[in-house]
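These notes concern the structure reproduced below.
The values are calculated or read from the model by the stated rules, or taken from the named source; none is laboratory data. Being a predicted model, the structure only gives us computed values, none of them experimental. Cβ: placed from backbone, ideal geometry, glycine included. Neighbour counts: every protein chain shown.
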Amino acid sequence: MMLRLLALAGCLWSMPVAAANLEEPRAGVEHTAALALEAGSGSFVMRTGPGGSRTVEVFYHRPSRLQEHSPVLIVLPGAGRNAWTYRDHWIDASERHGVLVLSPHYAEEAYPRFWNYNLAGMLADVVIDREARAMTDYRIVADRARWLFGDMDLIFTAAARAAGLETGRYDLFGHSAGGQFLHRFALFAEEDTRADRILASNAGWYTVPAPDARFPFGLEDAPIDARGLATAFARRLVVFLGELDDASETRGDLVRSPDTDRQGLHRLARGRHFHEQARRTAEEMGLHFEWTLEVVPGVGHDPKRMGEAAAEYLYGAPGRRAGAGGVVKGANGSRSLDRRAGE
């Protein structure tokens, strides 16, 4: 297996894109008007992507007691893309912990299929079989600047400067489809990303870091090499799971297909499988492994309650992060493969 893992080498591609006008201009990128983030809730629009080709509305909450080095959190919503709702879920935590919360809206009109959002635009020309159970063809988008992962740094940079922050890094939380986006962010984002802690919560299915399944379900033919895996495994990814997001959970859309069912039959099982397979791969390759798995007691597929647990995990007092009402530490309705493909 080691030889198969090392055979992944040679696929790493190029670089992130630039941000709004608050960042130094880079060639080929449009810059939006200067931002001003007032206290309270609101939104702003910025351009990202090659030549400013993407327009992203970012919903934010600026707490009343924001300080120069206050933390910044980017929240990725589920398949409903309701960034405003996810922002609202975090308002209490934002005020309690003094966190600037940012939630980007990737509208279904512009990003209608699961590969546009859950997979961050890494795939194109996707063909789904007649039973909507499997992808029969696709191509990997070679230009990394077209993937959505680079937007996270741009959103952080623009908002932090608009708010007058000196904060150097930011955290990420994503639930369901947002959790799919974020575990892939941990795997495929640029080496120099300013992201710190990455909480991927209750993802429907995963790109498992093992070479025995084809991309995007595994790493066979994936755009990553051994160095990229070393970078990914060193990131502070937290596989953040609800204890009750199991076979009895009916909320959300869970993909059932041969490829996804190899990972488990429900989100809790799939999250555990993802983490364990990643740990084994890192061990076999002799790579440092920073990823952890956390299980939130008494919570299922519930973005608000998972967000509350995430706020406590990220910003609460250390003594309150485990036990009753906190997070239990783990280890270091069914749907076909349609446009949402499993929150």
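For Thr260, are the conditions met, namely being hydroxyl-bearing (Ser, Thr, Tyr), at pLDDT below 95 and farther than 16 Å from Leu293 by Cα? Yes: the conditions hold for Thr260. Residues of region 38-61 that are more than 22 Å from Ala107 (Cα to Cα) and in contact with a strand residue (DSSP E or B) (Cβ under 6 Å, 6 or more places away or on another chain): Ala39 alone.
Among the candidates Asp137, Asp129, Asp153, the residue that is surrounded by 20 or more Cβ atoms within 10 Å (Cβ to Cβ) and either in contact with a strand residue (DSSP E or B) (Cβ under 8 Å, 6 or more places away or on another chain) or among the small types (Gly, Ala, Ser) (or both) is uniquely Asp153.
Screening region 85-180 for strands (runs of 3 or more DSSP E) wholly inside it with 3 or more residues that are in contact with a helix residue (DSSP H, G or I) (Cβ under 7 Å, 6 or more places away or on another chain) and under 18 Å from Gly42 (Cα atoms) returns the ranges 100-105. Annotation: of all residues in region 156-186 being touching a Pro at 6+ places or on another chain (Cβ under 7 Å) and surrounded by fewer than 24 Cβ atoms within 10 Å (Cβ to Cβ), the one that is farthest from Gly271 (Cα to Cα) is Thr167.
Examine region 229-249 for a residue that is in contact with a Ser or Thr (Cβ under 6 Å, 6 or more places away or on another chain) and at positive phi, and state whether such a residue exists.
Pass one, region 229-249, residues in contact with a Ser or Thr (Cβ under 6 Å, 6 or more places away or on another chain): 238, 240.
Of the ones still in play, those that are also at positive phi are none.
The answer is no, given that none of the residues of region 229-249 is in contact with a Ser or Thr (Cβ under 6 Å, 6 or more places away or on another chain) and at positive phi.
Is it the case that some residue within region 32-40 is of a type in the set (Val, Ile, Thr), under 21 Å from the mean Cα position of the chain (by Cα), at pLDDT below 95 and assigned to a loop (DSSP other than H, G, I, E, B)? The answer is no; no qualifying residue exists.
Filtered by the rule that a residue be in a helix (DSSP H, G or I) and under 23 Å from the mean Cα position of the chain (by Cα), region 41-57 gives Pro50, Gly52.
From the list Gly298, Gly319, exactly one residue is modelled with pLDDT under 95 and either assigned to a loop (DSSP other than H, G, I, E, B) or not aromatic (Phe, Trp, Tyr) (or both). Which is it?
Gly319
Within region 58-84, restricting attention to residues that are of a type in the set (A, V, I, L, M, F, W, C) and assigned to a loop (DSSP other than H, G, I, E, B), the residue that is nearest to Ala39 (Cα to Cα) is Leu66.
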